[in-house]
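Report on one structure; see the data block that follows.
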Amino acid sequence: MTEPWWQRATGYQIWPRSFQDSNGDGIGDIPGILSRLDHLEALGVDFVWLSPVYASPQADMGYDIADYRAIAPEYGTMADMDRLIAEAGARGIRIVMDLVVNHSSDEHAWFQAARGDRSAPTRDFYIWRDPAPDGGPPTDMQSIFGGPAWTLDEGSGQYYLHLFDRKQPDLNWTNPALRAEIWDMMTWWLDRGIGGFRMDVIELIGKDPDRGITTNGPKLHDYLSEMRAKVLDGRDAIAIAEAWAAGTEDARRYCETLSMVFQFSHILAGWHPELGKWHPLPHDLAGLKRVLFDWQEALEGAGWNSLFWGNHDLPRAVSRYGSETHRGASAKALATVLHLLKGTPFIYQGEEIGMTNAGFTRIDQYRDVETLNFHALRAAEGGDMAAFLAGAAQTARDNSRTPVQWEAGPQAGFTTGAPWIGLAHSHPEVHAQADRADPEGVFARYRALTDLRRTSPIVRHGRTVPQDAAHPQVFAYTREHPEGRIAVAANLGDAPLRWTVPEHMRGTGTPLFGGPALLGETLDFAPWEVVALRA
C-alpha cells in the first residue's frame, strides 16, 4: 500500500493575524506570509494549516465566516491567496485551509436572508426553535463561550442556536441543500490547488439540540461519509478532524473516513474537572505521558495520530509543559519527545523559536471573545477576579496569539505600526533572528526533526513502547520497527537527576542529536536534557 504523503509530513499552523504584517496596519496578512515562506522552507515543513482568512467581521478572529469564497480585506485578496498556494507549492509546501462549517457568521448572506423571515429559502440552513412557554430560550443549553446558546430573532419570533458567540449561528446539517452548498465550496477550494482541510469542531455538526446532544451526534459519521464520497474521494488531499470530545473509539471512526484526528485528551487532563481551563491543574508529567501513550496504543494499526503541544486555542508549550527558566533546553526537549512519537506533528507559529506565554496581567490587554465573555460572567457572579486573571495568564487563547517575534526591536519585526495585540513579555530576548543564528538553537532542533521524519521509517511507522511510564520527571519510550529501534529519553524538569535506564533501552547506537552513544544502567541527566539513540 502506498504511504500517504501526510504520514511523512510535518505541519505548521499559521494564525494569520499574528504571523507577519506587510503594510503597517498592525494586522498580519497574506503578503506577510509570502514574505516568510523562506523561513518555512528552511524549517522543513511540508504543509501549512492556515487559520481562517475568509471574509469575516472577526467576532471570533475569523472563525465567524461571512463569505467562504472571499478573502478578508485586512488579510489581502484572492489574488494574494492564489499566489500563496502557488509559491508555497513551488517550495513543496501545501496550503491546508481551515474548514469552519459548524457555524457561519450572522453576517453571511444565508443568515441575513433568513433572519426575520420564516419563509426565506435559506431559513432552514440554520437551527430555529420557538420560545419556551415562558417566552425564554427553548432549552437551557449554554454556549461554549459563556451564556445561553440561544438568541432571539425578534423579527421572526424564534430563537437561533449558537454553540459559540451569538454572531456565530450554527448551521443545520440535517438539510441536504446546506450540505450540497458546503460540498460545492470545498470542491471550489480544492480546485484552486489547496492541499486539504483542517475541520474546525467537526464533531459538532451532528448535534441534536432537542435531545441535548452537541458532540458525536447520531448522524455525524453519515455526514462525514457523504463528505468523503462527494468531495474527497479521488483527491490526494488531507482531511483533519478536530474533535475535543473524541475517545479512542470515536477517533478510529474518524480515521476510517478522514486522514487523522486532532483530539485533546492530553490538554483536557490538565484542566480542573469542574472549573475548566480557567483553573488549570498543576502540571503532572506522569498523567500527561499516560494519556499520550494510551493514544499511541489505541490508534496503532487502526488510525493516525496528530501530535501537538499547542495551537491558536492553547497556551505556549514552553510555558505550560516546559520551563521559562530553561526556555531553550525545554523547548528542544518538548519538541523531541513529541516529534519522535507516531503520527503527524504540528508546529504552531513561534513554537520553533521557543516563544512563551504573553505575560498579560490586566483584562484590557486581552482581545479574545472567550476570555472577555468569561471575565464578564465571573464579575457579574462576584467571583475572584484575581484568580480568574491568574488562570487566564496560564491558559487564555491570547497567550498563543501575540505576534511572532522575528527580530530584536520594539515590534519584534512583526509590523512597522502598532500591533493589534501586545507583544509577549519575552520578545526582547526571544526572536527568530537570534535563534536561527544558533546552531544549537530551538529552530535547529525542529529542522532536524522534520528531516528525520521524512527519512526514517522507524519514526513514521515504528510501534511506540513506553518505558518507565510512571516516572514523574523522565519521558522515555522506544520506537520498534523491522528496520531498527530508536530509544528516546528526556529529563523534563528543572532539576538534574540520575535515572535507572530500563533494561530494554540499554545498549549502543547512533546518537540522533548528540549525547551518548551508549545507554548503560544509569544516566546522569542535566535539566531538560534529551537523549535519542538509534540502535
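I'd like to check something: does region 369-380 contain any residue that is out of contact with any Cys (no Cβ under 7 Å at 6 or more places or on another chain) and in a loop (DSSP other than H, G, I, E, B)? The answer is no; no qualifying residue exists. Evaluation of ALA286 against the conditions (1) touching a residue at least 60 places away in the same chain (Cβ under 8 Å); (2) in contact with a strand residue (DSSP E or B) (Cβ under 9 Å, 6 or more places away or on another chain); (3) under 24 Å from THR248 (Cα atoms); (4) surrounded by fewer than 19 Cβ atoms within 10 Å (Cβ to Cβ) shows that the sole unmet condition is (2). Screening the candidates THR371, THR455, THR395 for the property of being among the polar types (S, T, N, Q) and closer than 22 Å to ALA331 by Cβ yields one hit, THR395. Scanning region 442-465 turns up at least one residue that is surrounded by 20 or more Cβ atoms within 10 Å (Cβ to Cβ) and in a strand (DSSP E or B). Hey, any hits in region 309-320 for a residue that's among the hydrophobic types (A, V, I, L, M, F, W, C), assigned to a loop (DSSP other than H, G, I, E, B), assigned by TED's automatic domain parsing to the domain that holds ILE421 and in contact with an Asp or Glu (Cβ under 9 Å, 6 or more places away or on another chain)? Yes: one or more hits.
Of all the listed residues (SER22, SER18), the sole one being crowded, with 18+ Cβ neighbours inside 10 Å and more than 25 Å from TRP309 (Cα to Cα) is SER22. ALA251 satisfies every condition listed in (1) buried (at least 23 other Cβ atoms within 10 Å of the Cβ); (2) under 19 Å from ASP170 (Cα atoms); (3) modelled with pLDDT under 95 except (2). Considering only residues that are farther than 22 Å from ALA113 by Cα and either among the acidic types (Asp, Glu) or under 36 Å from the mean Cα position of the chain (by Cα) (or both), which ones fall in region 125-135? Correct list: ASP134 only. Could you check region 245-270 and list, in sequence order, the residues that are touching a residue at least 24 places away in the same chain (Cβ under 8 Å) and not in a helix (DSSP H, G or I)? Residues satisfying the conditions are ALA245, ALA246, LEU258, SER259, MET260, VAL261, PHE262, GLN263, GLY270.
With the condition kept exactly as written, say whether any residue in region 386-405 is out of contact with any Phe, Trp or Tyr (no Cβ under 9 Å at 6 or more places or on another chain) and of a type in the set (Asp, Glu). No, the conditions are met nowhere in region 386-405. Scanning region 384-414 for residues that are of a type in the set (S, T, N, Q), surrounded by fewer than 24 Cβ atoms within 10 Å (Cβ to Cβ) and part of a loop (DSSP other than H, G, I, E, B) turns up just one, GLN411. Selection within region 224-248: residues that are crowded, with 19+ Cβ neighbours inside 10 Å and closer than 18 Å to LEU163 by Cβ. The member of this set that is farthest from the chain's Cα centre (by Cα) is ALA246. If you filter region 104-135 down to residues that are farther than 17 Å from TYR63 by Cα and of a type in the set (S, T, N, Q), you find that the one that is surrounded by the most Cβ atoms within 10 Å (Cβ to Cβ) is THR122.
Can you name the residue in region 1-56 that is charged (D, E, K, R) and either at pLDDT below 95 or part of a loop (DSSP other than H, G, I, E, B) (or both) and, of all such residues, is nearest to VAL96 (Cα to Cα)? Ranking the candidates gives ASP46 first.
The values are calculated or read from the model by the stated rules, or taken from the named source; none is laboratory data. Only a predicted model underlies this, so the values are computations on that prediction, with no experimental measurement involved. FYI the Cβ positions are ideal-geometry reconstructions off the backbone, even for glycines, and counts take in every protein chain you see.
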